[in-house]
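Since the structure comes first, as C-alpha coordinates, the remarks are kept for the end.
The values are calculated or read from the model by the stated rules, or taken from the named source; none is laboratory data. Predicted model, so just to flag it, every value in this text is computed and none were measured. No Cβ is skipped: glycine too gets one built from the backbone with ideal geometry, and neighbour counts run over all protein chains shown. Side chains are part of the model used for accessible areas, which takes the heavy atoms of the whole protein and leaves out ligands, DNA and RNA. Shrake-Rupley method; radii C 1.70, N 1.55, O 1.52, S 1.80 Å.
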Amino acid sequence: MPKAVRQPTVEELKAKAYQPMKDALELHPFYRGKIETTLKCAVRDFNDFAIWYTPGVSKPCLDIRDNPEKVYDYTNKWNTVAVVSDGTRVLGMGDIGPKAGMPVMEGKSLLYKYLGGVDGFPLMVGSKDPEDIIKVVKLLQPGLGGVNLEDISNPKCFYILDTLRAQCEIPVWHDDQQGTACVTLAGLINALKVVGKKIEEARITFIGAGASNVAISRLIFAYGATPELCNVVDSKGILNKERADIEARKAEYVDKWKLCNITNAEARSGGIAEALVGMDVCIALSQPGPDVIQKEWIAKMAKGSIVFACANPIPEMWPWDAKEAGAAIVATGRSDFANQVNNSLGFPGIFRGTLDVRASTITDEMCIAAAVEMAKLAEENGLSEDYIMPTMDEVDVFPREAAAVAMKAIEQGVARFTDVTFEAEYENARTIITRARGMVQDAMATGYIAMPPGSKPPRPTKMAMKAVAKVEIKGKSKTQGKAKIAKTVRKPARKAGKRSAQSVKSGGRSHV
(Lines give C-alpha, C1' and ligand atoms only; values in the text may rest on other atoms or scores of the structure.)
Protein backbone atom coordinates (compact mmCIF):
# COMPACT_ATOMS: atom_id res chain seq x y z
CA MET A 1 0.00 0.00 0.00
CA PRO A 2 1.25 3.52 -0.74
CA LYS A 3 2.49 5.40 2.27
CA ALA A 4 -0.03 7.95 3.58
CA VAL A 5 1.04 11.58 3.17
CA ARG A 6 0.78 13.59 6.39
CA GLN A 7 -1.49 16.60 6.02
CA PRO A 8 -0.17 19.82 7.55
CA THR A 9 -1.90 21.09 10.68
CA VAL A 10 -3.80 24.37 10.74
CA GLU A 11 -1.01 25.92 12.81
CA GLU A 12 1.56 24.82 10.22
CA LEU A 13 -0.59 26.30 7.44
CA LYS A 14 -0.90 29.59 9.33
CA ALA A 15 2.84 29.72 9.95
CA LYS A 16 3.47 29.19 6.25
CA ALA A 17 0.96 31.92 5.38
CA TYR A 18 2.73 34.51 7.55
CA GLN A 19 6.29 33.51 6.58
CA PRO A 20 6.54 35.73 3.44
CA MET A 21 5.99 38.82 5.59
CA LYS A 22 8.89 37.86 7.85
CA ASP A 23 11.13 37.15 4.86
CA ALA A 24 10.18 40.49 3.27
CA LEU A 25 11.56 42.43 6.24
CA GLU A 26 14.91 40.71 5.78
CA LEU A 27 15.22 40.82 1.98
CA HIS A 28 13.97 44.34 1.24
CA PRO A 29 16.87 45.99 3.09
CA PHE A 30 19.22 43.33 1.67
CA TYR A 31 18.58 44.60 -1.90
CA ARG A 32 17.60 48.21 -1.09
CA GLY A 33 15.02 48.13 -3.85
CA LYS A 34 13.76 45.49 -6.28
CA ILE A 35 14.34 47.20 -9.62
CA GLU A 36 17.00 49.38 -11.22
CA THR A 37 17.79 51.06 -14.54
CA THR A 38 20.15 49.16 -16.82
CA LEU A 39 21.33 49.43 -20.43
CA LYS A 40 19.87 47.62 -23.43
CA CYS A 41 22.29 48.97 -26.06
CA ALA A 42 25.88 47.93 -26.66
CA VAL A 43 28.78 50.08 -25.41
CA ARG A 44 31.68 48.74 -27.44
CA ASP A 45 33.98 51.52 -26.29
CA PHE A 46 33.72 55.15 -25.22
CA ASN A 47 33.34 56.27 -28.83
CA ASP A 48 29.80 54.83 -28.72
CA PHE A 49 28.79 57.67 -26.39
CA ALA A 50 28.92 59.94 -29.43
CA ILE A 51 26.16 57.76 -30.95
CA TRP A 52 23.98 57.27 -27.88
CA TYR A 53 24.40 60.85 -26.69
CA THR A 54 25.75 63.98 -28.31
CA PRO A 55 26.36 64.67 -31.18
CA GLY A 56 24.80 61.57 -32.79
CA VAL A 57 21.56 61.62 -30.80
CA SER A 58 20.52 64.89 -32.45
CA LYS A 59 19.55 63.05 -35.66
CA PRO A 60 16.87 60.78 -34.12
CA CYS A 61 15.64 63.80 -32.11
CA LEU A 62 15.06 65.79 -35.28
CA ASP A 63 13.53 62.77 -36.96
CA ILE A 64 11.01 62.47 -34.11
CA ARG A 65 10.29 66.21 -34.32
CA ASP A 66 9.30 65.77 -37.97
CA ASN A 67 7.48 62.45 -37.35
CA PRO A 68 6.37 62.10 -33.70
CA GLU A 69 5.37 58.43 -34.08
CA LYS A 70 9.04 57.56 -34.54
CA VAL A 71 9.52 58.07 -30.80
CA TYR A 72 8.26 54.48 -30.53
CA ASP A 73 11.03 53.31 -32.88
CA TYR A 74 13.93 55.30 -31.44
CA THR A 75 13.22 55.19 -27.68
CA ASN A 76 11.88 52.83 -25.03
CA LYS A 77 8.53 54.65 -24.90
CA TRP A 78 6.98 51.63 -26.64
CA ASN A 79 7.72 49.43 -23.60
CA THR A 80 7.52 51.83 -20.63
CA VAL A 81 4.69 51.82 -18.08
CA ALA A 82 4.50 54.08 -15.03
CA VAL A 83 2.86 52.54 -11.95
CA VAL A 84 1.13 55.61 -10.50
CA SER A 85 -0.17 55.76 -6.93
CA ASP A 86 -0.90 58.21 -4.12
CA GLY A 87 -0.74 55.43 -1.52
CA THR A 88 -4.32 55.94 -0.31
CA ARG A 89 -5.49 52.32 -0.53
CA VAL A 90 -2.52 49.97 -0.47
CA LEU A 91 -3.11 46.20 -0.34
CA GLY A 92 -5.73 46.28 2.39
CA MET A 93 -3.55 48.52 4.58
CA GLY A 94 -5.51 51.66 3.70
CA ASP A 95 -4.09 55.17 3.42
CA ILE A 96 -0.44 54.58 4.31
CA GLY A 97 0.93 57.33 2.04
CA PRO A 98 3.07 57.41 -1.11
CA LYS A 99 6.38 56.59 0.58
CA ALA A 100 4.99 53.57 2.41
CA GLY A 101 3.31 52.42 -0.80
CA MET A 102 6.60 52.47 -2.74
CA PRO A 103 7.58 48.81 -2.04
CA VAL A 104 4.27 47.66 -3.54
CA MET A 105 4.74 49.71 -6.70
CA GLU A 106 8.32 48.43 -7.05
CA GLY A 107 6.94 44.92 -6.69
CA LYS A 108 4.41 45.68 -9.40
CA SER A 109 7.21 46.89 -11.64
CA LEU A 110 9.18 43.69 -10.95
CA LEU A 111 6.20 41.60 -12.07
CA TYR A 112 5.75 43.72 -15.18
CA LYS A 113 9.31 43.02 -16.22
CA TYR A 114 9.69 39.38 -15.21
CA LEU A 115 6.27 38.16 -16.34
CA GLY A 116 5.56 40.48 -19.26
CA GLY A 117 8.91 41.89 -20.38
CA VAL A 118 7.46 45.38 -19.76
CA ASP A 119 9.65 48.12 -18.25
CA GLY A 120 7.55 49.36 -15.34
CA PHE A 121 8.64 51.86 -12.73
CA PRO A 122 6.93 53.36 -9.65
CA LEU A 123 5.70 56.95 -9.81
CA MET A 124 4.46 58.03 -6.38
CA VAL A 125 2.37 61.21 -6.28
CA GLY A 126 2.53 63.38 -3.16
CA SER A 127 -1.06 64.56 -3.37
CA LYS A 128 -4.47 63.02 -2.67
CA ASP A 129 -6.22 65.50 -4.95
CA PRO A 130 -7.53 63.63 -8.02
CA GLU A 131 -6.95 66.70 -10.20
CA ASP A 132 -3.25 66.69 -9.26
CA ILE A 133 -2.91 63.00 -10.19
CA ILE A 134 -4.67 63.61 -13.50
CA LYS A 135 -2.40 66.58 -14.22
CA VAL A 136 0.78 64.63 -13.41
CA VAL A 137 -0.13 61.76 -15.71
CA LYS A 138 -1.18 64.02 -18.59
CA LEU A 139 2.04 66.03 -18.34
CA LEU A 140 4.24 62.92 -18.28
CA GLN A 141 2.55 60.91 -21.02
CA PRO A 142 4.96 62.00 -23.82
CA GLY A 143 7.63 59.80 -22.19
CA LEU A 144 5.37 56.85 -21.38
CA GLY A 145 3.94 53.96 -23.31
CA GLY A 146 1.16 53.45 -20.78
CA VAL A 147 0.03 54.10 -17.21
CA ASN A 148 -1.00 51.65 -14.49
CA LEU A 149 -3.04 53.38 -11.78
CA GLU A 150 -2.63 51.49 -8.53
CA ASP A 151 -3.91 51.56 -4.94
CA ILE A 152 -5.91 54.80 -5.24
CA SER A 153 -8.91 55.10 -2.94
CA ASN A 154 -12.54 54.81 -3.96
CA PRO A 155 -14.48 56.71 -5.37
CA LYS A 156 -11.83 59.04 -6.82
CA CYS A 157 -10.11 56.12 -8.57
CA PHE A 158 -13.12 55.86 -10.92
CA TYR A 159 -13.05 59.57 -11.74
CA ILE A 160 -9.29 59.57 -12.32
CA LEU A 161 -9.45 56.53 -14.61
CA ASP A 162 -12.43 57.78 -16.63
CA THR A 163 -10.89 61.23 -17.07
CA LEU A 164 -7.47 59.96 -18.13
CA ARG A 165 -8.89 57.36 -20.52
CA ALA A 166 -10.88 60.11 -22.20
CA GLN A 167 -8.03 62.64 -22.38
CA CYS A 168 -4.82 60.64 -22.88
CA GLU A 169 -3.36 59.30 -26.11
CA ILE A 170 -1.74 56.35 -24.32
CA PRO A 171 -3.50 53.43 -22.58
CA VAL A 172 -4.38 54.13 -18.94
CA TRP A 173 -5.43 51.20 -16.80
CA HIS A 174 -6.45 50.75 -13.18
CA ASP A 175 -5.25 47.32 -12.14
CA ASP A 176 -7.36 47.21 -8.98
CA GLN A 177 -10.37 47.49 -11.29
CA GLN A 178 -9.71 45.97 -14.72
CA GLY A 179 -6.86 43.66 -13.73
CA THR A 180 -8.58 42.10 -10.75
CA ALA A 181 -11.80 41.81 -12.74
CA CYS A 182 -10.04 39.99 -15.58
CA VAL A 183 -8.44 37.27 -13.46
CA THR A 184 -11.56 36.84 -11.32
CA LEU A 185 -13.65 36.26 -14.44
CA ALA A 186 -11.12 33.69 -15.68
CA GLY A 187 -11.29 31.84 -12.38
CA LEU A 188 -15.08 31.97 -12.29
CA ILE A 189 -15.42 30.62 -15.84
CA ASN A 190 -13.48 27.50 -14.88
CA ALA A 191 -14.86 27.13 -11.36
CA LEU A 192 -18.40 27.00 -12.77
CA LYS A 193 -17.27 24.33 -15.24
CA VAL A 194 -15.87 22.20 -12.42
CA VAL A 195 -19.12 22.33 -10.39
CA GLY A 196 -21.33 22.03 -13.48
CA LYS A 197 -23.16 25.36 -13.30
CA LYS A 198 -23.94 27.97 -15.98
CA ILE A 199 -22.91 31.58 -15.55
CA GLU A 200 -26.29 32.96 -16.62
CA GLU A 201 -27.95 30.93 -13.84
CA ALA A 202 -25.28 31.52 -11.18
CA ARG A 203 -26.34 33.35 -8.02
CA ILE A 204 -23.36 35.45 -6.99
CA THR A 205 -22.74 37.48 -3.85
CA PHE A 206 -20.08 40.17 -4.11
CA ILE A 207 -18.69 41.04 -0.66
CA GLY A 208 -17.18 44.49 -0.78
CA ALA A 209 -18.30 47.31 -3.07
CA GLY A 210 -15.01 49.06 -3.69
CA ALA A 211 -13.17 49.57 -6.95
CA SER A 212 -12.32 45.89 -7.37
CA ASN A 213 -15.76 44.37 -6.94
CA VAL A 214 -17.52 47.14 -8.87
CA ALA A 215 -15.27 46.35 -11.85
CA ILE A 216 -15.52 42.59 -11.29
CA SER A 217 -19.31 42.68 -11.30
CA ARG A 218 -19.32 44.82 -14.45
CA LEU A 219 -17.08 42.38 -16.32
CA ILE A 220 -18.92 39.29 -15.06
CA PHE A 221 -22.27 40.79 -16.09
CA ALA A 222 -20.82 41.69 -19.50
CA TYR A 223 -19.72 38.07 -19.91
CA GLY A 224 -23.21 36.72 -19.24
CA ALA A 225 -24.10 36.63 -15.52
CA THR A 226 -27.61 37.82 -14.60
CA PRO A 227 -27.48 40.91 -12.31
CA GLU A 228 -30.95 40.28 -10.84
CA LEU A 229 -29.73 36.96 -9.38
CA CYS A 230 -26.77 38.62 -7.64
CA ASN A 231 -26.19 40.53 -4.39
CA VAL A 232 -23.58 43.13 -3.48
CA VAL A 233 -22.65 43.85 0.14
CA ASP A 234 -20.83 46.92 1.41
CA SER A 235 -19.90 47.89 4.96
CA LYS A 236 -23.50 48.93 5.70
CA GLY A 237 -25.29 45.91 4.24
CA ILE A 238 -26.78 44.53 1.03
CA LEU A 239 -27.22 47.01 -1.81
CA ASN A 240 -30.82 47.58 -2.88
CA LYS A 241 -33.06 50.31 -4.23
CA GLU A 242 -33.92 51.45 -0.70
CA ARG A 243 -30.32 52.45 0.17
CA ALA A 244 -30.99 56.15 0.71
CA ASP A 245 -27.40 56.73 1.88
CA ILE A 246 -26.08 55.80 -1.57
CA GLU A 247 -28.90 57.55 -3.43
CA ALA A 248 -28.01 60.79 -1.62
CA ARG A 249 -24.48 60.56 -3.10
CA LYS A 250 -25.32 58.90 -6.41
CA ALA A 251 -23.49 61.59 -8.38
CA GLU A 252 -20.32 60.56 -6.56
CA TYR A 253 -21.03 56.81 -6.36
CA VAL A 254 -22.41 56.35 -9.85
CA ASP A 255 -21.46 52.68 -10.24
CA LYS A 256 -22.56 51.74 -6.74
CA TRP A 257 -26.00 53.31 -7.20
CA LYS A 258 -26.34 51.47 -10.50
CA LEU A 259 -25.67 48.19 -8.68
CA CYS A 260 -28.38 49.09 -6.18
CA ASN A 261 -30.84 49.21 -9.08
CA ILE A 262 -29.81 46.23 -11.22
CA THR A 263 -29.00 43.59 -8.55
CA ASN A 264 -30.88 41.93 -5.70
CA ALA A 265 -34.24 41.26 -7.36
CA GLU A 266 -35.29 39.48 -4.13
CA ALA A 267 -34.86 42.77 -2.25
CA ARG A 268 -32.76 41.11 0.46
CA SER A 269 -31.57 43.20 3.38
CA GLY A 270 -29.07 42.50 6.11
CA GLY A 271 -25.35 41.78 5.95
CA ILE A 272 -22.95 39.16 4.65
CA ALA A 273 -24.72 36.26 6.39
CA GLU A 274 -28.07 37.06 4.77
CA ALA A 275 -26.49 37.77 1.39
CA LEU A 276 -24.88 34.31 1.20
CA VAL A 277 -27.92 32.13 1.95
CA GLY A 278 -28.55 29.78 -1.00
CA MET A 279 -25.99 31.48 -3.25
CA ASP A 280 -23.71 29.62 -5.69
CA VAL A 281 -20.71 31.95 -5.59
CA CYS A 282 -19.09 34.27 -3.06
CA ILE A 283 -16.62 36.79 -4.46
CA ALA A 284 -15.04 38.70 -1.58
CA LEU A 285 -12.67 41.64 -1.94
CA SER A 286 -13.38 43.52 1.25
CA GLN A 287 -11.01 43.72 4.21
CA PRO A 288 -8.17 41.51 5.43
CA GLY A 289 -9.24 38.49 7.48
CA PRO A 290 -9.18 35.83 8.53
CA ASP A 291 -12.55 36.15 10.32
CA VAL A 292 -14.48 38.54 8.07
CA ILE A 293 -16.52 35.61 6.68
CA GLN A 294 -17.70 32.94 9.11
CA LYS A 295 -17.84 29.20 8.44
CA GLU A 296 -21.54 28.99 9.31
CA TRP A 297 -22.36 31.53 6.60
CA ILE A 298 -20.59 29.45 3.95
CA ALA A 299 -22.42 26.34 5.20
CA LYS A 300 -25.73 27.96 4.16
CA MET A 301 -24.69 28.49 0.53
CA ALA A 302 -25.94 26.22 -2.26
CA LYS A 303 -24.43 22.79 -2.86
CA GLY A 304 -21.24 22.95 -4.92
CA SER A 305 -20.53 26.49 -3.74
CA ILE A 306 -17.57 28.56 -4.94
CA VAL A 307 -15.72 30.92 -2.58
CA PHE A 308 -13.22 33.54 -3.76
CA ALA A 309 -11.72 35.15 -0.62
CA CYS A 310 -9.27 37.58 -2.19
CA ALA A 311 -8.44 40.27 0.37
CA ASN A 312 -4.74 41.03 0.85
CA PRO A 313 -2.55 40.22 2.65
CA ILE A 314 -4.81 37.78 4.56
CA PRO A 315 -8.02 36.46 2.89
CA GLU A 316 -11.43 37.07 4.46
CA MET A 317 -11.32 33.49 5.72
CA TRP A 318 -8.76 30.70 5.59
CA PRO A 319 -9.26 28.30 2.65
CA TRP A 320 -9.38 25.25 4.92
CA ASP A 321 -12.23 26.81 6.92
CA ALA A 322 -14.24 27.45 3.75
CA LYS A 323 -13.68 23.85 2.62
CA GLU A 324 -14.67 22.50 6.00
CA ALA A 325 -17.88 24.56 5.80
CA GLY A 326 -18.82 22.88 2.52
CA ALA A 327 -17.35 24.99 -0.28
CA ALA A 328 -16.47 22.89 -3.33
CA ILE A 329 -13.89 25.35 -4.69
CA VAL A 330 -11.92 27.96 -2.76
CA ALA A 331 -9.63 30.59 -4.24
CA THR A 332 -7.57 33.40 -2.72
CA GLY A 333 -5.24 36.10 -3.98
CA ARG A 334 -2.18 34.34 -2.59
CA SER A 335 0.35 32.19 -4.41
CA ASP A 336 0.93 29.92 -1.40
CA PHE A 337 -2.60 28.48 -1.58
CA ALA A 338 -4.30 26.57 -4.40
CA ASN A 339 -6.27 28.59 -6.96
CA GLN A 340 -4.54 31.95 -6.84
CA VAL A 341 -6.84 34.60 -8.29
CA ASN A 342 -4.45 37.51 -8.41
CA ASN A 343 -4.07 40.26 -10.98
CA SER A 344 -0.39 39.39 -11.38
CA LEU A 345 -1.68 36.67 -13.72
CA GLY A 346 -3.27 39.31 -15.93
CA PHE A 347 -1.65 42.72 -16.20
CA PRO A 348 1.81 41.67 -17.51
CA GLY A 349 0.33 39.81 -20.49
CA ILE A 350 -2.47 42.30 -21.07
CA PHE A 351 -0.09 45.26 -21.23
CA ARG A 352 2.34 43.25 -23.36
CA GLY A 353 -0.32 42.81 -26.04
CA THR A 354 -1.56 46.39 -25.66
CA LEU A 355 1.90 47.89 -26.11
CA ASP A 356 2.83 45.62 -29.00
CA VAL A 357 -0.06 46.83 -31.18
CA ARG A 358 0.14 50.38 -29.77
CA ALA A 359 -3.45 50.32 -28.56
CA SER A 360 -4.77 53.68 -27.40
CA THR A 361 -6.79 52.16 -24.55
CA ILE A 362 -7.60 48.89 -22.79
CA THR A 363 -11.28 48.08 -23.16
CA ASP A 364 -13.42 45.71 -21.10
CA GLU A 365 -13.63 43.49 -24.19
CA MET A 366 -9.84 43.23 -24.27
CA CYS A 367 -9.91 42.17 -20.59
CA ILE A 368 -12.58 39.55 -21.33
CA ALA A 369 -10.46 38.21 -24.22
CA ALA A 370 -7.52 37.83 -21.83
CA ALA A 371 -9.73 36.12 -19.23
CA VAL A 372 -11.08 33.64 -21.77
CA GLU A 373 -7.57 32.79 -22.98
CA MET A 374 -6.34 32.39 -19.41
CA ALA A 375 -9.25 30.07 -18.61
CA LYS A 376 -8.66 28.11 -21.80
CA LEU A 377 -5.02 27.40 -20.90
CA ALA A 378 -6.00 26.04 -17.48
CA GLU A 379 -8.73 23.90 -19.04
CA GLU A 380 -6.23 22.44 -21.50
CA ASN A 381 -4.06 21.41 -18.53
CA GLY A 382 -6.98 19.68 -16.81
CA LEU A 383 -9.35 21.42 -14.40
CA SER A 384 -9.95 20.28 -10.83
CA GLU A 385 -11.22 21.73 -7.57
CA ASP A 386 -7.65 22.80 -6.76
CA TYR A 387 -6.73 23.97 -10.26
CA ILE A 388 -9.03 26.50 -11.91
CA MET A 389 -6.33 29.01 -12.91
CA PRO A 390 -2.90 28.89 -14.49
CA THR A 391 -0.07 29.65 -12.08
CA MET A 392 2.56 32.33 -12.54
CA ASP A 393 5.23 29.74 -13.39
CA GLU A 394 3.22 28.59 -16.42
CA VAL A 395 5.10 30.88 -18.78
CA ASP A 396 2.71 30.35 -21.69
CA VAL A 397 -0.17 32.20 -20.04
CA PHE A 398 1.37 35.65 -20.58
CA PRO A 399 2.18 35.50 -24.33
CA ARG A 400 -1.20 33.87 -24.97
CA GLU A 401 -2.97 36.67 -23.11
CA ALA A 402 -0.91 39.21 -25.05
CA ALA A 403 -1.96 37.69 -28.35
CA ALA A 404 -5.64 37.54 -27.35
CA VAL A 405 -5.58 41.18 -26.21
CA ALA A 406 -3.78 42.32 -29.36
CA MET A 407 -6.34 40.62 -31.60
CA LYS A 408 -9.27 42.15 -29.72
CA ALA A 409 -7.66 45.64 -29.86
CA ILE A 410 -7.31 45.29 -33.64
CA GLU A 411 -10.91 44.04 -33.93
CA GLN A 412 -12.20 47.03 -31.93
CA GLY A 413 -10.20 49.56 -33.93
CA VAL A 414 -8.09 50.87 -31.03
CA ALA A 415 -4.72 49.52 -32.30
CA ARG A 416 -2.22 51.44 -34.42
CA PHE A 417 -0.56 48.21 -35.62
CA THR A 418 -3.11 46.02 -37.35
CA ASP A 419 -1.06 43.73 -39.58
CA VAL A 420 -0.51 41.17 -36.82
CA THR A 421 -1.74 37.61 -36.35
CA PHE A 422 -2.37 35.78 -33.08
CA GLU A 423 0.56 33.47 -33.82
CA ALA A 424 2.93 36.34 -34.66
CA GLU A 425 2.10 38.27 -31.49
CA TYR A 426 2.37 35.12 -29.39
CA GLU A 427 5.92 34.50 -30.69
CA ASN A 428 6.89 38.16 -30.31
CA ALA A 429 5.61 38.31 -26.72
CA ARG A 430 7.21 35.01 -25.81
CA THR A 431 10.59 36.20 -27.13
CA ILE A 432 10.43 39.43 -25.10
CA ILE A 433 9.34 37.65 -21.92
CA THR A 434 11.95 34.91 -22.31
CA ARG A 435 14.66 37.56 -22.66
CA ALA A 436 13.53 39.34 -19.50
CA ARG A 437 13.54 36.15 -17.44
CA GLY A 438 16.83 34.97 -18.89
CA MET A 439 18.56 38.23 -18.00
CA VAL A 440 17.52 37.84 -14.36
CA GLN A 441 18.61 34.22 -14.30
CA ASP A 442 22.02 35.02 -15.75
CA ALA A 443 22.52 37.99 -13.43
CA MET A 444 21.91 35.64 -10.46
CA ALA A 445 24.17 32.99 -11.96
CA THR A 446 27.07 35.42 -12.39
CA GLY A 447 26.60 37.29 -9.13
CA TYR A 448 25.48 40.60 -10.62
CA ILE A 449 22.31 39.98 -8.63
CA ALA A 450 23.47 38.84 -5.21
CA MET A 451 21.75 35.79 -3.76
CA PRO A 452 20.24 36.05 -0.26
CA PRO A 453 22.32 34.42 2.49
CA GLY A 454 21.93 30.65 2.41
CA SER A 455 20.70 30.60 -1.19
CA LYS A 456 22.43 28.95 -4.12
CA PRO A 457 22.51 30.67 -7.53
CA PRO A 458 20.70 29.09 -10.48
CA ARG A 459 22.35 27.63 -13.55
CA PRO A 460 23.07 30.13 -16.33
CA THR A 461 20.83 30.02 -19.39
CA LYS A 462 21.82 28.13 -22.51
CA MET A 463 22.33 31.46 -24.25
CA ALA A 464 24.86 32.52 -21.60
CA MET A 465 26.66 29.19 -21.86
CA LYS A 466 26.96 29.57 -25.62
CA ALA A 467 28.18 33.16 -25.30
CA VAL A 468 30.92 32.17 -22.87
CA ALA A 469 31.90 29.29 -25.12
CA LYS A 470 32.30 31.64 -28.08
CA VAL A 471 34.48 34.10 -26.23
CA GLU A 472 36.49 31.88 -23.93
CA ILE A 473 36.88 28.47 -25.56
CA LYS A 474 38.54 28.83 -28.94
CA GLY A 475 40.71 25.95 -30.04
CA LYS A 476 40.01 23.74 -27.01
CA SER A 477 38.31 20.35 -26.90
CA LYS A 478 34.61 20.01 -26.15
CA THR A 479 35.32 18.58 -22.69
CA GLN A 480 37.76 21.35 -21.83
CA GLY A 481 35.24 23.86 -23.14
CA LYS A 482 32.49 22.67 -20.84
CA ALA A 483 34.81 22.80 -17.85
CA LYS A 484 35.90 26.33 -18.74
CA ILE A 485 32.28 27.48 -19.14
CA ALA A 486 31.28 26.08 -15.77
CA LYS A 487 34.25 27.74 -14.08
CA THR A 488 33.68 31.09 -15.79
CA VAL A 489 29.96 31.47 -15.14
CA ARG A 490 29.83 29.96 -11.67
CA LYS A 491 32.84 31.42 -9.89
CA PRO A 492 31.50 34.95 -9.18
CA ALA A 493 28.29 33.63 -7.63
CA ARG A 494 29.79 30.84 -5.52
CA LYS A 495 30.26 33.11 -2.52
CA ALA A 496 26.51 33.48 -2.11
CA GLY A 497 26.24 30.26 -0.12
CA LYS A 498 23.76 27.42 -0.19
CA ARG A 499 20.23 27.72 -1.38
CA SER A 500 17.10 26.17 0.07
CA ALA A 501 15.34 23.37 -1.80
CA GLN A 502 12.31 25.59 -2.36
CA SER A 503 14.46 28.39 -3.77
CA VAL A 504 16.16 25.98 -6.16
CA LYS A 505 12.76 24.84 -7.34
CA SER A 506 11.50 28.35 -8.05
CA GLY A 507 14.66 30.19 -9.05
CA GLY A 508 16.83 27.58 -10.70
CA ARG A 509 14.62 26.80 -13.64
CA SER A 510 16.13 27.53 -17.02
CA HIS A 511 13.96 29.88 -19.07
CA VAL A 512 15.99 29.90 -22.26
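For E242, tell me the accessible area in Å² from a 1.4 Å probe, rounded to the nearest 10.
We get 150 Å² for E242.
Can you give the convex hull volume per residue for the Cα atoms of the range 108-184, as a whole number of Å³?
97
Would you mind calculating the relative contact order of the chain from Cα pairs under 8 angstrom and at least 6 residues apart, reporting the percent as a whole number?
Value for the chain: 12 percent.
Need one number: % antiparallel among DSSP beta bridges in the chain, to the nearest 5.
10
If you take the square roots of the eigenvalues of the alpha-carbon gyration tensor of the range 199-324 and sort them as a ≥ b ≥ c, do you get rounded (a/c under 1.5), prolate (a/b over b/c) or oblate?
Note, shape of the range 199-324 comes out prolate.
Checking the table K16/K138; K16/K300; K156/K303; K256/K303; K128/K408; K108/K198 against a 32 Å threshold on Cα-Cα, which pairs fail?
Violating the 32 Å limit, Cα to Cα: K16/K138; K156/K303; K128/K408; K108/K198.
State the Kirkwood hydrodynamic radius of the range 115-160 in Å, one decimal place, computed from all pairs of distinct Cα atoms.
Taking the inverse mean of 1/r over all distinct Cα pairs, the range 115-160 comes out at 11.8 Å.
Which semi-axes, in whole Å and largest first, does the equivalent ellipsoid of the range 151-228 have when worked out from the alpha carbon gyration tensor as the square roots of 5 times its eigenvalues?
Values for the range 151-228, descending: 27, 13, 10 Å.
Count charges around K256 for me, please; just the other residues with Cβ under 12 Å from its Cβ, Lys/Arg as +1, Asp/Glu as -1.
Value of the local net charge: +1.
Take every Cα pair under 8 Å in the range 271-406 that's 6+ residues apart, average their separations, divide by the length, and report that relative contact order as a whole percent.
About 20 percent, as a whole number.
At a threshold of 8 angstrom on Cα-Cα distance, excluding pairs fewer than six apart, so keeping six or more, what relative contact order does the range 78-121 reach in percent?
Reported as a whole number, the value is 43 percent.
Simple spin-label model, 7 Å along Cα-to-Cβ: M93 to K16 in nm?
2.5
From the helices alone, meaning DSSP H stretches of at least four residues, give me the mean residue ellipticity at 222 nm for the chain, per-run term -39500 (n - 2.57), in deg cm²/dmol to the nearest 500.
Mean residue ellipticity at 222 nm (helix-derived): -14000 deg cm²/dmol.
Once you treat every alpha carbon in the range 328-430 as an equal point and sum by Debye, what is log10 I(q)/I(0) at q = 0.10, 0.13, 0.17, 0.22 Å⁻¹?
Calculated log10 I(q)/I(0) at the listed q: -0.27, -0.44, -0.71, -1.04.
At q = 0.08 Å⁻¹, what log₁₀ I(q)/I(0) does a Debye calculation on the Cα points of the chain give, no solvent, two decimals?
Treating every Cα as an identical point scatterer, log10 I(q)/I(0) equals -0.55.
Could you order peptides 255-263, 128-136, 325-333 by the average number of other Cβ atoms within 10 Å of their residues, highest first?
So the order, starting with the most tightly packed, is 325-333, 255-263, 128-136.
What does the charge count near P103 come to, summing +1 for each Lys or Arg and -1 for each Asp or Glu among other residues with Cβ under 14 Å from its Cβ?
-1
Give me the net charge for the shell around I51: Cβ to Cβ below 10 angstrom, other residues only, Lys and Arg +1, Asp and Glu -1.
Residues near I51 contribute +1 overall.
For the range 50-92 and the range 223-250, compute the distance between their C-alpha centroids and round to whole Å.
Here the two parts' Cα centres lie 43 Å apart.
Taking the chain as a whole, which cysteines find no other cysteine Cβ under 4.7 angstrom from their Cβ?
Isolated Cys, the chain: C41, C61, C157, C168, C230, C260, C282, C310.
With angles folded into 0 to 90 degrees, how steeply does helix 478-490 sit against the dominant principal axis of the chain? Use alpha carbons for both and round to 10.
With both axes taken from Cα atoms, the answer is about 60 degrees.
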